[in-house]
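We did not get these values from a lab; they are worked out from the coordinates using the rules stated. Computed from a prediction, not measured in an experiment: that's the story for all the values here. For neighbour counting, all protein chains shown are included, and Cβ atoms are generated from backbone atoms with ideal geometry for every residue, glycine included.
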Amino acid sequence: MKKTLLFSLLIVSAFSIISCGNDKKKEEIKKENSTKNTYSIEPSTTTINFTAYKTTDKVPVKGQFTKFTIENTKNANSVKEALDGLKFSIPVSSLFTKDTIRDGKLKKFFFGTMENTTEIKGTLHFTNETSGTADITMNGISQVLPITYVIDGQMASIEGIMNLDNWKAQAALEALNVVCFDLHKGSDGVSKTWSDVKIEVVTYLKNN
């Protein structure tokens, strides 16, 4: 009888130790998850740059948009998750190329020729570890822009080449080329404004 009682006590003790160990392990996992770093986009450490091209030699004209708004911000477990699904809106009035005359022409004759384009709107989609798409709405048209991206720690760099023909911006390009005819003329005497524009976004995300 004593042996049976002792055996029973040993079994109960063993289960208690196992149970406590499991509870402790669950608590450690819970604590680890609660202290795990998360990421979120920070507008003040984000820049949106563009490079347009003129003349047949394809001379770059660089600029940026100094203002934008973001929707669907979230705290995520990775930089990729924080950016995926992000919606943005860029007022064209924030265009800046370090040349006020050029800025005025771009706003008035390029964007001003388009339909409903006081803002450029879009949504980011990251399909794998290096590429994705951006749904861009401009000139009253929504089109998909292929993008590539690189993540280095808290830094993300996104690039894409917009073919403005996909947004039916030929009339806007022609209007711009008329007012910039001589400025867009190369050594061959031909005035040209290219339809492809390189977009570069660099953002340093908050580590929460």
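Figures for the structure shown
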quantity: Full-stretch length increase - GLU115, ASN166 - with 0.36 nm per residue and alpha-carbon distance subtracted; calculated: 16.9 nm
quantity: Distance-filtered residues of the range 124-143 - backbone nitrogen under 20 Å, label point 7 angstrom along ASP196 Cα→Cβ; calculated: 131-136, 143
quantity: Hydrodynamic radius by Kirkwood, which averages 1/r over all alpha carbon pairs of the range 128-201, in angstrom; calculated: 14.3
quantity: Two-decimal Rg to Rh for the range 81-208 - Kirkwood Rh, Cα set; calculated: 1.02
quantity: Simple spin-label estimate for SER157 and ASP57 in nanometres, 7 Å along Cα-Cβ; calculated: 2.6
quantity: Overall form of the range 100-155 per C-alpha gyration tensor (a/c, 1.5; a/b vs b/c); calculated: oblate
quantity: Sorted peptide list for 160-170, 181-191, 124-134, criterion being average Cβ within 10 angstrom, highest first; calculated: 160-170, 124-134, 181-191
